[in-house]
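The values are calculated or read from the model by the stated rules, or taken from the named source; none is laboratory data. These numbers come from a predicted model, not from an experiment. Here the Cβ positions follow ideal geometry from the backbone for every residue, glycine too, while neighbour counts run over all protein chains shown.
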Amino acid sequence: MRKNIVAGNWKMNKNLQEGIALAKELNEALIADKPNCDVVICTPFIHLASVTPIVDSAIIGVGAENCADKVSGAYTGEVSAEMVASTGAQYVILGHSERRSYYGETVEILEEKVKLALANNLTPIFCIGEVLEERQAEKQNEVVAAQLASVFTLSAEDFGKIVLAYEPVWAIGTGLTATPEQAQDIHAYIRSLIAEKYGQEVADNCSILYGGSCKPSNAKELFAKPDVDGGLIGGAALKVSDFKGIIDAFK
């Protein structure tokens with residue numbers, strides 16, 4: 001059975017002390033009121049080794065926001081999947097639209113990152129989604145199908161270890177949100193592509209998260225859709241009351 005997951009992407013926010021404080025506050029809130037879904041926080045690299053030991057791993061998983069596409073070596077400023085795993089982190093966000101657009105990450109680069117993450121027992125949260133012009137041209141299906149090429153080279157067994165996150169790029173930080181019906185339509189389409197490639201059982205077991213301006217006010221309606229298995233949360237993950245409001249949509 002696929003899991004319901006609410007994952008927070010802190011992006012480039014919170015210094016180390018602020019990040020530790022946020023993680024502690026969230027941990028206390030969720031110990032006091034246990035979540036009815038898996039919860040993950042993905043933090044900047046420098047936070048990982050400090051945050052991982054202070055959260056209850058039975059309640060909160062910790063992940064990185066990226067990793068390198070190389071094993072090790074002379075790649076100044078890069079952080080490998082092995083390094084991420086050595087902190088105790090269990091997840092890594094890969095293919096986020098900001099990485100694709102600002103840093104030129106390609107299908108081939110992301111394929112390498114996914115393989116290295118899996119080789120180091122990290123669960124990739126693999127992001128796909130279209131920009132506004134592509135949505136307006138009704139090319140969203142074509143775009144997500146092309147982006148899935150990075151993970152469709154995996155064996156069925158390895159594909160079963162990843163989480164997908166659909167992010168309508170036009171709805172990130174813009175205040176726009178896909179309607180629950182729009183989210184359901186494309187999540188169902190993504191699941192149909194997985195079924196074509198790997199069979200219905202693999203498709204049914206894959207968690208697909210929604211990643212576009214999800215808030216406490218709209219989370220319940222989004223998560224009620226049959227093919228929406230939770231959210232990859234940006235800004236609302238930086239405040240415990242907001243993040244917990246989204247987590248509570250599964251209660």
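Scanning the stretch 46-78 for residues that are under 15 Å from residue 91 (Cα atoms) and of a type in the set (S, T, N, Q), which turns out surrounded by the most Cβ atoms within 10 Å (Cβ to Cβ)?
Restricting to residues being under 15 Å from residue 91 (Cα atoms) and of a type in the set (S, T, N, Q), the top hit is 66.
State the number of residues belonging to the stretch 203-218 that are crowded, with 16+ Cβ neighbours inside 10 Å and either touching a Cys at 6+ places or on another chain (Cβ under 7 Å) or in contact (Cβ under 8 Å) with a residue 40 or more places away in the chain (or both).
9
Please go through the stretch 178-189 and pick out each residue that is surrounded by fewer than 21 Cβ atoms within 10 Å (Cβ to Cβ) and of a type in the set (Val, Ile, Thr). Can you show your working first?
Going residue by residue through the stretch 178-189, those that are surrounded by fewer than 21 Cβ atoms within 10 Å (Cβ to Cβ) are 179-182, 184-185, 188-189.
Matches in the stretch 178-189: 179 only.
Being in a helix (DSSP H, G or I), under 25 Å from residue 39 (Cβ atoms) and among the small types (Gly, Ala, Ser) is the requirement here; does residue 212 meet it?
Working: in a helix (DSSP H, G or I): no; under 25 Å from residue 39 (Cβ atoms): yes; among the small types (Gly, Ala, Ser): yes.
So residue 212 fails the test.
Considering the stretch 162-186 alone, what residues qualify as being in contact with a strand residue (DSSP E or B) (Cβ under 6 Å, 6 or more places away or on another chain) and assigned to a loop (DSSP other than H, G, I, E, B)?
Of everything in the stretch 162-186, those that are in contact with a strand residue (DSSP E or B) (Cβ under 6 Å, 6 or more places away or on another chain) and assigned to a loop (DSSP other than H, G, I, E, B) turn out to be 162, 167.
Of all the residues that make up the stretch 223-251, how many are part of a helix (DSSP H, G or I) and either under 16 Å from the mean Cα position of the chain (by Cα) or of a type in the set (D, E, K, R) (or both)?
Let us first name the residues in the stretch 223-251 that are part of a helix (DSSP H, G or I), namely 223, 235-238, 240-250.
Applying the additional criterion that residues be either under 16 Å from the mean Cα position of the chain (by Cα) or of a type in the set (D, E, K, R) (or both) yields 223, 235-238, 242-244, 246-248.
Residues in the stretch 223-251 being part of a helix (DSSP H, G or I) and either under 16 Å from the mean Cα position of the chain (by Cα) or of a type in the set (D, E, K, R) (or both): 11 in total.
Quick one: which of 189, 210, 198 is modelled with pLDDT of 95 or more, among the hydroxyl-bearing types (Ser, Thr, Tyr), within 24 Å of residue 157 (Cα to Cα) and touching a strand residue (DSSP E or B) at 6+ places or on another chain (Cβ under 7 Å)?
Working: 189 fails: touching a strand residue (DSSP E or B) at 6+ places or on another chain (Cβ under 7 Å); 198 fails: touching a strand residue (DSSP E or B) at 6+ places or on another chain (Cβ under 7 Å).
Just one listed residue meets the conditions, 210.
Could you say which residue among 237, 165, 178 is closer than 19 Å to residue 143 by Cβ and either among the aromatic types (Phe, Trp, Tyr) or modelled with pLDDT of 95 or more (or both)?
Values: 237 fails: closer than 19 Å to residue 143 by Cβ; 178 fails: either among the aromatic types (Phe, Trp, Tyr) or modelled with pLDDT of 95 or more (or both).
None of the other options fit; the residue is 165.
Can you tell me which residue among 130, 105, 111, 82 is surrounded by fewer than 23 Cβ atoms within 10 Å (Cβ to Cβ) and within 18 Å of residue 167 (Cα to Cα)?
Values: 130 fails: surrounded by fewer than 23 Cβ atoms within 10 Å (Cβ to Cβ); 111 fails: within 18 Å of residue 167 (Cα to Cα); 82 fails: within 18 Å of residue 167 (Cα to Cα).
Just a single option satisfies the conditions, and that option is 105.
Given (1) touching a Leu at 6+ places or on another chain (Cβ under 9 Å); (2) farther than 29 Å from residue 24 by Cα, identify the lone condition not met by residue 214.
Failed condition: (2).
Kindly provide the set of residues from the stretch 118-130 that are in contact with a Phe, Trp or Tyr (Cβ under 9 Å, 6 or more places away or on another chain) and assigned to a helix (DSSP H, G or I), ordered by number. Show your work before the answer.
At the first step, the residues of the stretch 118-130 found to be in contact with a Phe, Trp or Tyr (Cβ under 9 Å, 6 or more places away or on another chain) are 122-125, 127-130.
Matches in the stretch 118-130: none.
Out of the residues in the stretch 25-45 meeting the condition of being more than 15 Å from residue 232 (Cα to Cα) and in contact with a helix residue (DSSP H, G or I) (Cβ under 6 Å, 6 or more places away or on another chain), tell me which one is surrounded by the most Cβ atoms within 10 Å (Cβ to Cβ). Spell out how you get there, then give the answer.
Step one: list which residues in the stretch 25-45 are more than 15 Å from residue 232 (Cα to Cα), which gives 25-36, 44-45.
Pick out the ones that are also in contact with a helix residue (DSSP H, G or I) (Cβ under 6 Å, 6 or more places away or on another chain) and you get 25-26, 29, 35-36.
Values: 25: 15, 26: 23, 29: 16, 35: 17, 36: 12.
My answer is 26.
Would it be correct to say that residue 163 is in contact with a helix residue (DSSP H, G or I) (Cβ under 6 Å, 6 or more places away or on another chain) and crowded, with 18+ Cβ neighbours inside 10 Å?
Numbers: in contact with a helix residue (DSSP H, G or I) (Cβ under 6 Å, 6 or more places away or on another chain): no; crowded, with 18+ Cβ neighbours inside 10 Å: yes.
In short, no.
Out of the residues in the stretch 131-161 that are among the hydrophobic types (A, V, I, L, M, F, W, C) and not in a helix (DSSP H, G or I), state the one that is nearest to the chain's Cα centre (by Cα). Break it down into steps so the answer makes sense when it comes.
Step one: list which residues in the stretch 131-161 are among the hydrophobic types (A, V, I, L, M, F, W, C), which gives 131-132, 137, 143-146, 148-149, 151-152, 154, 156, 159.
When the remaining residues are screened for being not in a helix (DSSP H, G or I), the result is 131, 137, 151-152, 154.
Numbers: 131: 18, 137: 26, 151: 14, 152: 17, 154: 18 Å.
The residue in question is 151.
Within the stretch 133-158, how many residues are closer than 19 Å to residue 106 by Cα, of a type outside the set (Val, Ile, Thr) and buried (at least 17 other Cβ atoms within 10 Å of the Cβ)?
6
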